[in-house]
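The values are calculated or read from the model by the stated rules, or taken from the named source; none is laboratory data. Predicted model, so just to flag it, every value in this text is computed and none were measured. Positions of Cβ are generated from backbone atoms using ideal geometry, with glycine treated the same way; all protein chains shown enter the neighbour counts. Each accessible area value is taken on the protein alone, full model and side chains, heavy atoms only, with ligands, DNA and RNA left out. Shrake-Rupley method; radii C 1.70, N 1.55, O 1.52, S 1.80 Å.
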Amino acid sequence: SVDIFQDADNLYVLAPIAGVKPEKLDLVIDRDVLTIRGEREKDLETSGKNYLYHECYWGKFSRSIILPLPVIGSKVKAAFKNGVLKVILPKAPEARSIGIKVQDEE
């Protein structure tokens, strides 16, 4: 799951990714798509256990997000804290809102 929001200058992507080490994360921007890849390693051997619930996903994962507007790829920053990945994507100048004054042609 991800949260995506924006302010005047940036897009923000928050992705809770518990159980993954930062060095196992790979982020790529290709045109208008941000892809987050990683691998969640299983520390405890559980094969043959009598599961009541089995909802945790272990192994490789990938999530691609279509960005709603152009960003400056060379200035993207990412941080990982308390199991949450935060990606800050600066908006490209052409993506920012520009007010247009309407002139009266009387």
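Report the Rg/Rh value for the chain, based on alpha-carbon coordinates and the Kirkwood definition of Rh.
Using Cα coordinates only, the ratio equals 1.19.
Go ahead and run the numbers for FRET between PHE61 and GLU94, Cβ-Cβ distance against an R0 of 41 Å, rounding to 0.05.
It comes to 0.80.
Taking 0.36 nm per residue of separation and subtracting the Cα-Cα distance, what length does fully extending ALA8 through THR35 add?
Separation in residues times 0.36 nm, less the Cα-Cα distance, equals 7.4 nm.
Of the heavy-atom accessible surface of the chain (probe 1.4 angstrom), what whole percent is carbon and sulfur?
On the chain, the fraction of accessible area on carbon and sulfur atoms equals 51 percent.
With point charges of +1 on the Cβ of Lys and Arg and -1 on the Cβ of Asp and Glu, referenced to the Cα centre of the chain, which listed residue (ASN10, GLY83, ILE36) lies farthest in the positive direction of the dipole?
Going by the charge dipole, the pick is GLY83.
Once you've got the Cα coordinates, tell me which of LYS49/LYS86; LYS24/LYS77; LYS21/LYS60 are over 24 Å apart.
Cα-Cα > 24 Å for LYS49/LYS86; rest within.
Under the Karplus relation 6.51 cos²θ - 1.76 cosθ + 1.60, θ = phi - 60°, what is the ordered set of whole-Hz ³J(HN,Hα) values for the range 64-77, x standing for Gly and Pro?
Once θ is set to phi - 60°, the couplings for the range 64-77 become 10, 10, 6, 7, x, 7, x, 10, 8, x, 6, 10, 5, 10 Hz.
Please list, ordered by chain and number, the residues whose modelled amide H lies under 5 Å from the amide H of LEU11; skip anything fewer than 5 residues away on the same chain.
Amide H neighbours of LEU11, under 5 Å, 5+ apart: LEU89, LYS91.
With every protein chain kept in place and ligands, DNA and RNA left out, what is the accessible area per residue of the range 1-100? Probe 1.4 Å, answer in Å².
Here the per-residue accessible area is 74 Å².
Once you keep just the Cα pairs under 8 angstrom separated by 6 or more residues, what percentage relative contact order results for the chain?
30 percent
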